[in-house]
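Have a look at the structure below before the remarks.
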Amino acid sequence: MHSPIYIDMIINHPILGPRDAAEFTYLGDASLLNRPDWQAADAADQFYEYLYLRDNPAGEHRELWYHEQGDRSWLVVTRNTLTHEISSVELASDVARAQGNKK
């Protein structure tokens, strides 16, 4: 179970509109959408970095949030980690497609 990191945050869901952050679960850096190629020669190193090495930025950051108590969608939320101000919210599937991911 993840600890809540929100402080009266409202996430403007692209389909459902404004929702309380308590409906969501924070899942980490949005770069997790970019899975390494498991067939690459250096796949082990790539997956180690993918799974264990994370930045801890202060300021604007893109994050994955899961709408656990709603429509079960995955969102990419751009949020200032210092003020918790949210500047954009996108469906993770749209972001992945825009990045050229097949899923």
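Within the listed set ARG35, ARG62, ARG79, the residue fluctuating most in the Gaussian network model of the chain (springs between alpha-carbon atoms under 10 angstrom) is ARG35. Comparing ALA21, ALA41, ALA92 in a Gaussian network model of the chain, where Cα atoms under 10 Å apart are tied by springs, the biggest mean-square fluctuation is seen for ALA41. For Kirkwood radius over Cα pairs in Å, the value calculated from this model appears in [x] 15.1; [y] 14.2; [z] 14.6 under label [z]. Along the axis of the charge dipole computed for the chain (Cβ charges of +1 for Lys and Arg, -1 for Asp and Glu, origin at the Cα centre), the listed residues HIS67, GLY100, HIS13 are led at the positive end by GLY100.
Any read-out appearing in this document is the output of simple, stated calculations on the displayed coordinates, not a laboratory observation. All figures in this text were calculated on a predicted structure; none of them were measured in a lab. Glycine gets a Cβ as well: all are built from the backbone with ideal geometry, and neighbour counts include every protein chain shown.
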